[in-house]
Amino acid sequence: MDKIEGKTFGQPANDIEKQWLLDRLKTLSVREAYQLAAMMLTTGRLREVSGKEGDELLLAVLKLDRKETAESINRLLSLSDYEVLCPAGSYEQLGKYYLRYEAELPEAAIPYADLEQIGFRYEEQHPGVFIGDCFVVLPSRAPKQIYDGTNLDKVWEMDWSLRLRLATPAVPKGVWLCLPDHAATEADGRLGEIALALRELKAASIQECDLLEVRCSIPGLSILPDDYEDLEDLIRDGNDLGFLLEEQGQGMPDFMERFTAALEYEGCHRLKEALDIAENLNCYDLMQADGIELYGKEELTKLGVFQDSTLQDCIDAAGFGEALLEQRGYRLNAAETTYIRRNDREFQHLRTQPKQGWDMTMK
């Protein structure tokens, strides 16, 4: 009993909110558990649902009223504001962490430093709390209210790409790992998402783990068991997707709308194909659906239609614009917010081979 009953469509928003909250709490990574513990200790928020599993968690979520549920969603969306430093479970360890990873003091000089005093000073400059053998730096600002009570379907979570539930013989139920893991790109000993998960699983490497479950932040993308023979390859692609989401196409306007529209246009449901599409978004032309009437008027003006006073206000500009876009190869996405088409730029396949039936421009 871990699913809130109700139809997929047309159910009250409150049920949708609580299902989102339930799913997120069930899939917290080891690192996010430290972040949540720090939030709970310093703000008192989410105490009602923290540390619970199964039916107990479900009942706790169901007891939340509408305001509490919305606030809990915003709190969980702000977990990335809490910075987890590990290993740093004491002032001495915190001082060593600072010298090694932030001040980048030569290793030979560390034994001569007053590590405890440095740890005290670091805490004064970066207020936080010790959780286990980690130090969690608290946010300097109040959390953003991303969710306003009505826009849950439009809330894009840019701080993660994949959630993997990994298991070992020592921990058969498994733990969750959230990608991207920035520490994975640094070979300096910091414990990030992967290292924290491996420690919890009592494993020395990813090769010792079994993949039990995968969640993706992009609707429509799925990971099948046959997609990846090597778990490290899946983690690598998950990291790449996460970094792409964070960079937002290096500042490309309307990146997420363009990306999701392109995925739908290509009928893409696989991660490697999605990564190729994300790297080739310049191969797609977009037009906002709410601008269709203006587009139609502009095209009619080019044809000189409005020079004839008899035709004023007698032409359906929106209908003309829509027909013209379809003629020019545009398709309206399922949400009816965007028209999209492939242009003639060459599509660079970096991870996949062109599928039969894809446009000839995809080479």
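Can you say whether Leu281 is at pLDDT 90 or above, surrounded by 13 or more Cβ atoms within 10 Å (Cβ to Cβ) and either assigned by TED's automatic domain parsing to the domain that holds Glu257 or among the hydrophobic types (A, V, I, L, M, F, W, C) (or both), as far as the supplied structure shows?
Numbers: at pLDDT 90 or above: yes; surrounded by 13 or more Cβ atoms within 10 Å (Cβ to Cβ): yes; either assigned by TED's automatic domain parsing to the domain that holds Glu257 or among the hydrophobic types (A, V, I, L, M, F, W, C) (or both): yes.
So Leu281 fits the description; yes.
Out of (1) buried (at least 19 other Cβ atoms within 10 Å of the Cβ); (2) free of Cβ contacts under 8 Å to residues at least 24 places away in the same chain, what's the single condition that is false for Glu266?
Result: Glu266 fails condition (2) only.
Residue check: is Gln248 polar (S, T, N, Q), surrounded by fewer than 20 Cβ atoms within 10 Å (Cβ to Cβ), assigned to a helix (DSSP H, G or I) and at positive phi? It would help to see each step written out before you state the result.
Details: polar (S, T, N, Q): yes; surrounded by fewer than 20 Cβ atoms within 10 Å (Cβ to Cβ): yes; assigned to a helix (DSSP H, G or I): yes; at positive phi: yes.
So Gln248 passes the test.
Which one is farthest from the chain's Cα centre (by Cα), of the residues in the range 159-183 that are of a type in the set (A, V, I, L, M) and closer than 15 Å to Glu32 by Cα?
Val175
For the condition more than 15 Å from Gln19 (Cα to Cα) and basic (Lys, Arg), what is the one hit in Lys63, Lys144? Steps first, please.
On the way: Lys63 fails: more than 15 Å from Gln19 (Cα to Cα).
When all the criteria are applied, what remains is Lys144.
Any idea which residue in the range 126-158 is farthest from the chain's Cα centre (by Cα), counting only those that are under 30 Å from Ala335 (Cβ atoms) and among the hydroxyl-bearing types (Ser, Thr, Tyr)?
So the first thing to find is which residues in the range 126-158 are under 30 Å from Ala335 (Cβ atoms), and the list is 143-158.
If we keep only those that are among the hydroxyl-bearing types (Ser, Thr, Tyr) too, we end up with 147, 150.
Working: Tyr147: 15, Thr150: 20 Å.
Out of the qualifying residues, it is Thr150.
In the range 169-210, how many residues are farther than 30 Å from Gly95 by Cα, surrounded by fewer than 18 Cβ atoms within 10 Å (Cβ to Cβ) and touching a strand residue (DSSP E or B) at 6+ places or on another chain (Cβ under 8 Å)? Give the derivation first.
Pass one, the range 169-210, residues farther than 30 Å from Gly95 by Cα: 169-174, 207-210.
With surrounded by fewer than 18 Cβ atoms within 10 Å (Cβ to Cβ) added as a condition, the list becomes 169-173, 207-208, 210.
Then keep just the ones that are touching a strand residue (DSSP E or B) at 6+ places or on another chain (Cβ under 8 Å); that gives 173, 208, 210.
Total satisfying the criteria: 3.
Condition check: more than 23 Å from Leu221 (Cα to Cα) and touching a helix residue (DSSP H, G or I) at 6+ places or on another chain (Cβ under 7 Å). Does Ala203 satisfy that? Talk me through it step by step, then tell me what you get.
Values: more than 23 Å from Leu221 (Cα to Cα): yes; touching a helix residue (DSSP H, G or I) at 6+ places or on another chain (Cβ under 7 Å): no.
Criteria not met by Ala203.
The values are calculated or read from the model by the stated rules, or taken from the named source; none is laboratory data. Since we're looking at a predicted model, the values are computed, not measured. Heads up, the Cβs are rebuilt from the backbone with ideal geometry, glycines too, and the neighbour counts pull from every protein chain shown.
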